[in-house]
Amino acid sequence: MQHQNNPEALLQQWIDEEAAVRARLAEPGLARPDQIKGRTGLQVMRAMLDGELPPPHIAKTLDFTLISVADGEAVFQGRPMLRHYNPLGSVHGGWFATLLDSALGCAVHTKMEPGRGYTTLEFKVNLVRALSEKVPLVRAIGTVTHSGRQVATSEARLVGHDGKLYAHASTTCLVFDLPQ
């Protein structure tokens, strides 16, 4: 249930959802090839959420986590913190970009068949509002726009529990067969 007219209730929902996800997550690491062989990208992402596969180290380093995945969609949640600030006294654009890039890429990942991979060809970010510690949580919501045999594109929005848009981004990915 979304609490669109009650930002504080939505914030509490986000906190609760993150706690439930973090309770299942494994320690950060790298999945072994035998753990992902024969799985679709969506199956791999769901296995990560279920704690069967480890999440990447970057999520712990930059204080964000995968919250949910579906076919063509990935949602990450992040905590803007003082350690993410730039010299101007607000959250560094690289933090925005990394969170958005994760949502964009993982949305594409959900569309991969077994034995298929992707890499970013182009990535564009628009920062439309500054972030500080005063915003307790933000969500990067990535959705696939196109998923083809050689190219995939996706878009993502970085939003706060108050409904404000902080940034939006898009990517173009090259899709290919993974080496055996």
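The values are calculated or read from the model by the stated rules, or taken from the named source; none is laboratory data. Just so we're clear, the structure is a prediction, and the values are computed from it rather than from any experiment. Cβ coordinates were reconstructed from backbone atoms using ideal geometry, including for glycine residues, and neighbour counts include every protein chain displayed.
Of the residues making up region 82-119, just one is among the small types (Gly, Ala, Ser) and without any contact (Cβ under 8 Å) to a residue 24 or more places away in the chain, namely GLY94.
Listed here are the residues, each with its yes/no results for (1) in contact with a strand residue (DSSP E or B) (Cβ under 6 Å, 6 or more places away or on another chain); (2) over 20 Å from ALA167 (Cβ atoms).
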residue: PRO28; (1), (2): no, yes
residue: MET48; (1), (2): no, yes
residue: GLU52; (1), (2): no, yes
residue: PRO55; (1), (2): no, yes
residue: LEU66; (1), (2): yes, no
residue: MET81; (1), (2): no, no
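Within region 80-136, the set of residues being hydroxyl-bearing (Ser, Thr, Tyr) and not in a strand (DSSP E or B) comprises SER90, THR98, SER102, THR110, SER132. Scanning region 38-46 turns up no residue that is crowded, with 17+ Cβ neighbours inside 10 Å, of a type outside the set (Gly, Ala, Ser) and more than 27 Å from GLN180 (Cβ to Cβ).
Quick one: in region 1-40, of everything that is assigned to a loop (DSSP other than H, G, I, E, B) and polar (S, T, N, Q), which residue is modelled with the lowest pLDDT? Here the residue is GLN2. Residues that are in a helix (DSSP H, G or I), out of contact with any Lys or Arg (no Cβ under 9 Å at 6 or more places or on another chain) and surrounded by 13 or more Cβ atoms within 10 Å (Cβ to Cβ) within region 47-57 comprise just one, MET48. Across region 33-68, what is the number of residues that are free of Cβ contacts under 8 Å to residues at least 24 places away in the same chain and either more than 25 Å from PRO136 (Cβ to Cβ) or touching a Phe, Trp or Tyr at 6+ places or on another chain (Cβ under 8 Å) (or both)? Going through region 33-68 one residue at a time, the tally reaches 7. Among residues of region 120-143 that are closer than 23 Å to SER68 by Cα, those with a beta-carbon under 7 Å from a residue that is in a strand (DSSP E or B) and among the acidic types (Asp, Glu) at least six positions away or on a different chain give the pairs GLY142/GLU73; THR143/GLU73; THR143/GLU155. For region 9-17, check the following and say yes or no: at least one residue is within 19 Å of ARG157 (Cα to Cα), loosely packed, with under 14 Cβ neighbours inside 10 Å and free of Cβ contacts under 8 Å to residues at least 12 places away in the same chain. So far as region 9-17 goes, no, none of its residues is within 19 Å of ARG157 (Cα to Cα), loosely packed, with under 14 Cβ neighbours inside 10 Å and free of Cβ contacts under 8 Å to residues at least 12 places away in the same chain. Of all residues in region 144-180, those that are in contact (Cβ under 8 Å) with a residue 40 or more places away in the chain, within 26 Å of PRO33 (Cβ to Cβ), over 15 Å from the mean Cα position of the chain (by Cα) and assigned to a strand (DSSP E or B) total 7.
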